[in-house]
Amino acid sequence: MSTNLRRSIAAQRAVLHDLLAAELARHASELPPFLGDQEELDARLQEIFRQIDDCKYVYVLDSDAVQISSTVNRYGADAEAFNRDRSQRPYMIAVMRDPSLMFDLSEAYISRNKKRPSLTAIQAIVDAEGKRIGFLGVDFDLRELPHTEVLYEEPGQWRQIKGDPAIRSGLFQQQRTTSLMDENIDHVLSVHEALMIDHGVFHLHIHFSSSRSTVWHIDDPYVYRLLSMDELADTSICLAYPQRPYFERNLVPASAIAPIFQQLKALRFSDETIYLRNASLNLVKGAVSLNFSCDGTHYLNYREFLERGLDFWIGSETFPNAVCSASPSDLDQQKLEAQVEELAGEGCIAVNKLLYALGKKRSAAKAGRAQPP
């Protein structure tokens, strides 16, 4: 999980902690006289339920986390869970492990009955000497809790996601097949550029291998539109999208769109084994995504994408690897596949560099053999 996402979750939990800790401590302090009488305890819990905003269930457990009350909800007191051992439920683990812990807000979990994202606040009930004699439990459905108004901001650094191992294992048995989009690549990319600069498209996903694109428009950003190759081949498709000024929220300057597309084209045709399968460009986020034939996916800022030359993606003449430094006679398929399995965790770039280096060495070896003695 990214640092930004952890911070966002922590901020939300801090808000909930501040809202609940003091209130539940106050309610728990009133409960010791009622612990010996379930009927009176249930009546008191119904009063507490009405005072706690947004809660779903309220109940009391003994010091061993066995329920000694009914479960109180908006409909009243439900005795079904009476005498239930909750000691192994995720929200009880921390307080059962630490006798000094008086309040705990659980991590989010999926509820057993409703299968909904939930969390539970546990407040210790103590006697006059401060000894824990039970617990007040309050369950919340995440849908009904107050939330901060700050939306999680995804980090902008490069991210690489590993793909399907089954695709990776068959990497060297596959070869790029020329698609309809490949045959019309310059026309298609020009249409995409026009849609983004002059016709309000701010996000698109290009599927090179299956010859289609999906686009999102600023006038209707919640819905994507599918463009088949027949439609992309017809320049008149631009007439179906209203002209719009270049969107003020776009982080990608209009002048960078064509270079981005040219780099995508180069990655598509750079190699017959490791090649670009699909890609996306989001002008508002300023991000590019790349999905290669090995099913590895990269997400990065458009500036970083443009700054990286083609050599970065398809390799260079030098690659610090044992296989590449071996003599050409040692480069057999078995050794290559073993090395690729080791490199698989590093993603498509590492594999592609290895292929490039091997190819250069083989070409040099062939050239050497062709020289007259």
* Asked: Among 251-260, 68-77, how do they line up from the highest to the lowest mean number of other beta-carbon atoms within 10 Å?
  -> 68-77, 251-260
* Where does each of Cys294, Cys238 land when they are ranked from fewest to most other beta-carbon atoms within 10 angstrom? -> Cys238, Cys294
* Could you list Ile125, Ile48, Ile237 in order of exposure, starting from the residue whose Cβ has the fewest other Cβ atoms within 10 Å? => Ile237, Ile48, Ile125
* Asked: Among Lys56, Lys115, which comes first, second and so on when ranked by fewest other beta-carbon atoms within 10 Å?
  -> Lys115, Lys56
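Every number here is computed from the coordinates shown, using simple stated rules; none is lab data. Here the structure is a predicted model, which means the values were calculated and not measured. Cβ: placed from backbone, ideal geometry, glycine included. Neighbour counts: every protein chain shown.
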